[in-house]
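Inspection log for the structure reproduced underneath, given as structure tokens.
The values are calculated or read from the model by the stated rules, or taken from the named source; none is laboratory data. This is a predicted model, so every value here is computed, not measured. Reconstructed Cβ throughout: ideal geometry from the backbone, glycine too, with neighbour counts over all protein chains shown. Surface areas here come from the heavy atoms of the whole protein model, side chains and all, with no ligands, DNA or RNA. Shrake-Rupley method; radii C 1.70, N 1.55, O 1.52, S 1.80 Å.
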Amino acid sequence: RSLYIFGNTHNRYKSNNVIITKYSHGEGINPVHVAMTVRNSALKILELSVHQINELDIYNLLTTADFFIKTAHTRSYEGLTFYVWEYNFDYPYYGLTAPWISGMAQGHIIEILLAAYKVTDNPKYLKAARLAANTMRVKVENGGVAIEVGNGLWFEEYSHPNVHPPRVLNGHNFALNGLWYITQIDKNYMELFDKGVHGLKQLLPRFDAIIWSMYDLVGTPANR
């Protein structure tokens, strides 16, 4: 899948200390890939202790958290304010045109911001994490990443109001991860998390490919 979509398996480089992702049709900043550069450190901080992380890793984490705050786009819907991180390049695989957003990115960024808050106790990081989580309360057609699934919700990895959601399994799960971490600080997000779990339980059987599993519900098999 990396070869098919990206054109190669080594598709990232740094420019001005920011990860740039190269695709066969162009390149740009992929917020998921930026978050992944420090996500391991963030999870160690959230699960274990700040003392498990060296000073350089903490510096990189805070630099990345500040980058996300600086590059956040503020949106609002029916009085709810939320942060999104836009992808400013097209993604032909699902017919996405820029700008589009990602539930997976929202989940990863929540983790980075919460870890930065745990390290510094600076409320700006917790505020930004809450605004990132608010995006999951808003439906795709209204500028968020949520899809109603019965009484539950699905958080779409490839979210655009004009594109039928492909319903990507790992993207939804990563969004749930970020929500779970914020519920450990703010119980106001527990109902939202529970709806995401309920949506997962309802759709999960549809990803069963008998001897394999599907990446999405439009026919893409999961890679190894």
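Just a yes or no: is a residue in the stretch 28-49 within 26 Å of Val163 (Cβ to Cβ) and part of a strand (DSSP E or B)?
For the stretch 28-49, residues within 26 Å of Val163 (Cβ to Cβ) and part of a strand (DSSP E or B): present.
Give me the residue from the stretch 161-178 that is out of contact with any Gly (no Cβ under 6 Å at 6 or more places or on another chain) and open to solvent by less than 20 Å² (accessible area, probe 1.4 Å) and, out of that set, nearest to Met214 (Cα to Cα).
In this case the residue turns out to be Val168.
Within the stretch 170-190, identify whether any single residue is in contact with an Asp or Glu (Cβ under 6 Å, 6 or more places away or on another chain) and either more than 24 Å from Ile58 (Cα to Cα) or not in a helix (DSSP H, G or I) (or both), and answer yes or no.
yes
Tell me yes or no: at least one residue of the stretch 78-92 is assigned to a helix (DSSP H, G or I), over 16 Å from the mean Cα position of the chain (by Cα) and either modelled with pLDDT of 95 or more or surrounded by 19 or more Cβ atoms within 10 Å (Cβ to Cβ) (or both).
No; the residues of the stretch 78-92 include none that is assigned to a helix (DSSP H, G or I), over 16 Å from the mean Cα position of the chain (by Cα) and either modelled with pLDDT of 95 or more or surrounded by 19 or more Cβ atoms within 10 Å (Cβ to Cβ) (or both).
Considering the stretch 96-124 alone, what residues qualify as being of a type in the set (Ser, Thr, Tyr) and open to solvent by 10 Å² or more (accessible area, probe 1.4 Å)?
Correct list: Thr97, Tyr117, Thr120.
I'd like the residue in the stretch 1-27 that is small (Gly, Ala, Ser) and at positive phi and, out of all such residues, is modelled with the lowest pLDDT.
My answer is Gly7.
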